[in-house]
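These notes concern the structure reproduced below.
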């Protein structure tokens, strides 16, 4: 009885299941989907290979390797933070390791206070370096740092506050481009000099080290190492996912609009300085989290982390990977750092030259970084395949 | 031209209150008071750059719904005037009021844009990495605070509005094209489209037909004429044919102040104008 006006309404139509969020991501943003999948696999595989596979077996992962991968993940998170502001908003920060180091110091302070009487001087409250300096009581900013939740709050708060104040001053005065980069560089250098001083109360040039345990777990235990590793992986995944959500929101589109035509964005009615400030502060907090996860894995934090060269290196990772794509930042951070690990082992003197050359090559020939090569390759493969198909058919 | 001045003075009593409302308001045109039938007051504005007077005691009044053309030789201060109105440049002296209550000299560029003044630049500036659709989406009127934008979703009405504007500016087939890949004329149109999305009470349009083909110029003229009435439109243009085709009132700027004002014929026959434009064709 159906007529043309009622198009097959009662027919039990085959309804495909709605796509899962994972399927949607794989379809719309394949690189992100691939990255998060790989990350999940690594997160599950590494603990098995480290703990369950017996030592001496081919597949056994040494503690050194686990920590190394954990370190790379911290760097990747830092690179994502830098890419978020540089790749998407055009703010080239040459001082982002300052925020990384501040997060690291906050974690380091907590770990120092956990040492307790096990230090060389056995003082229940004062860390060794304070006893050594003949200090009688804890400086005010060390109070509360023995409480884990408070210390973790500081991991976010210290970099966030610095970025907030700095950003408020810089963006309100419309400092942009090279000038902003130079100021960020000066900022991290100033912090480097300040943290070198013993009177600052952060352990001077030795920094904070000799950590014993975290939340009561011995840092030297394989299980602790694995938990730290997994926490880092989760932080990287969550950080990546949040950044992805940010850049895909309308906020993200406004931010990219600011990157491309700042005054136009203003004349449309966007308060550019607010947008920059929020993004910059968020990015700094992310860098702080990366630093906080880095410190217990490497076992030390010292003022060297503030060195301007470190910040420049991060920018190179992002440039090599491909700025303006979050997965590019991750790829770049891991590739360059892996190269660094191999190179500094084989040819320690050559590394800085290689790094410099890499930056020049990428700037000149790969403006979209390594990940920018992929679409090109795909395109070439496709044309090749088409040509072959045509050749066969004729 | 004396009457609007005194009205402007009277309007200033509401200034502080108007500003409070403006801060709190989130819609595109909060508390625009047009009781004296003037939307824009520019009074005695002087701007100097290193001793050079770009604007010299400039006074100008625009009525609601008016289509005003501003012409003048290079360096007459046309663009500087737009900079002052939109908050980019602060004048040394003078006052600029939007309606009776909004003192534009106390507001920044985003606030002025939110209050209802849209601007099209001389060189078309669109967001080149965004699609045509996204450019319009970004320009859309509404609350533009950080938190709103983080969770903003397009409503069906907003989608319809964007499609309407795409239709109007003839870029329907380029909806998802990268704005940077458009031709010069299409970019001009897209920028006009962005102005439409902003839905401002006052549009400032700087040389809209520069680099356009004659057909495109004609369509632009039609569009601007159709906008007048609902919006006030101020157009700066060099193309005299274009000015003739759209203008009801023409203001001639010269050396930073108003030289003449009237219909296009009055202005073109004004001896002062002829003197300034001596040697320029068709004037």
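Bear in mind that the values in this text are calculations on the coordinates, not laboratory data. Keep in mind that what you see is a predicted model, and the values were worked out from it rather than measured. Glycine also receives a Cβ, built like all others from the backbone with ideal geometry; neighbour counts cover every protein chain displayed.
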Worksheet item: Hey, what does the equivalent ellipsoid look like for the stretch A:21-387, semi-axes from the Cα gyration tensor as sqrt of 5 times each eigenvalue, largest first, whole Å?
Response: 34, 27, 19
Item to complete: Compute the Kirkwood hydrodynamic radius of the protein assembly as shown, taking the inverse of the mean of 1/r over all pairs of distinct Cα atoms, and give it in Å to one decimal.
Response: 29.1
Fill in: Shielding score for B:131-137, defined as the mean number of other chain Cβ atoms within 10 Å
2
Worksheet entry | chain B: antiparallel DSSP beta bridges as a percent of all, rounded to 5 | 55
Worksheet item: Of A:67, B:213, how do they rank once you tally other Cβ atoms within 10 Å and put the fewest first?
Response: B:213, A:67
Worksheet entry | the stretch A:289-382 - Debye-derived log10 I(q)/I(0), Cα point model, q = 0.10 Å⁻¹ | -0.32
Worksheet item: Does anyone have the angle between helix A:63-89 and the longest principal axis of chain A? Alpha-carbon axes, 0 to 90°, nearest 10?
Response: 70
Item to complete: Return one number: the angle in degrees, 0 to 90 and rounded to the nearest 10, between the long axis of the Cα atoms of helix A:177-196 and the longest principal axis of the Cα atoms of chain A.
Response: 30
Fill in: Bins of 5 Å from zero: percent of alpha-carbon pairs in the stretch B:93-246
2, 9, 18, 21, 20, 15, 10, 4, 1, 0
Worksheet item: GNM on chain A, C-alpha springs below 10 Å: top fluctuator among A:69, A:301, A:41?
Response: A:41
Worksheet item: In nm, to one decimal, how far is the modelled label at residue A:238 from the one at residue B:143, with both set 7 Å along Cα→Cβ?
Response: 2.8
Response to the item:
Helix-only [θ] at 222 nm, chain B, -39500 (n - 2.57) per DSSP H run of 4+, per residue, nearest 500, equals -11000 deg cm²/dmol
Response to the item:
Of all DSSP beta bridges with both partners in the protein assembly as shown, the antiparallel percent, nearest 5, is 55
Discussion item. For chain A, what does the helix formula give at 222 nm: sum of -39500 (n - 2.57) over DSSP H segments with n ≥ 4, over the residue count, nearest 500 deg cm²/dmol?
Written reply: -23000 deg cm²/dmol
Fill in: Förster radius 25 Å - calculated FRET efficiency between residue A:220 and residue A:190 (Cβ-Cβ, nearest 0.05)
0.10
Worksheet entry | Degrees separating the helix A:250-260 axis from the principal Cα axis of chain A, which is the longest one | 80
Item to complete: Select from A:108, A:56, A:324 the residue whose mean-square fluctuation is largest in a Gaussian network model of chain A (Cα-Cα springs shorter than 10 Å).
Response: A:56
Worksheet entry | Fraction in percent of alpha-carbon pairs per bin - 5 Å, the stretch B:44-128 | 3, 12, 23, 25, 22, 11, 4, 1
Fill in: Listed peptides A:311-320, A:18-27 by packing density, highest first (mean Cβ within 10 Å)
A:311-320, A:18-27
Item to complete: Considering only A:235, A:357, A:307, give the residue with the highest GNM mean-square fluctuation for chain A, with springs between Cα atoms whenever their separation is below 10 Å.
Response: A:357
Discussion item. Inside 10 Å of the C-beta atoms of A:250-258, what's the mean count of C-beta atoms belonging to other chains?
Written reply: 6
Worksheet, complete the sentence: 1/(1 + (r/R0)^6) with r = Cβ-Cβ of residue A:347 and residue A:59, R0 = 30 Å, i.e. FRET efficiency to nearest 0.05, evaluates to 0.55
Worksheet item: According to a simple spin-label model (label point 7 Å from Cα along Cα-to-Cβ), what is the distance in nm between residue A:22 and residue B:52?
Response: 6.5
Worksheet item: residue A:134 to residue A:363: extension gain in nm, 0.36 nm per residue of separation minus the Cα-Cα distance?
Response: 77.3 nm
Worksheet, complete the sentence: Once the mean of 1/r over all distinct C-alpha pairs in chain B is inverted, the Kirkwood radius in Å reads 19.6
Worksheet item: Looking only at other chains, what is the average number of their beta-carbon atoms within 10 angstrom of each beta-carbon in B:144-152?
Response: 6
Worksheet item: Using the count of nearby Cβ atoms within 10 Å as a rough guide to exposure, how do B:95, B:145, A:283 rank from fewest to most?
Response: B:145, B:95, A:283
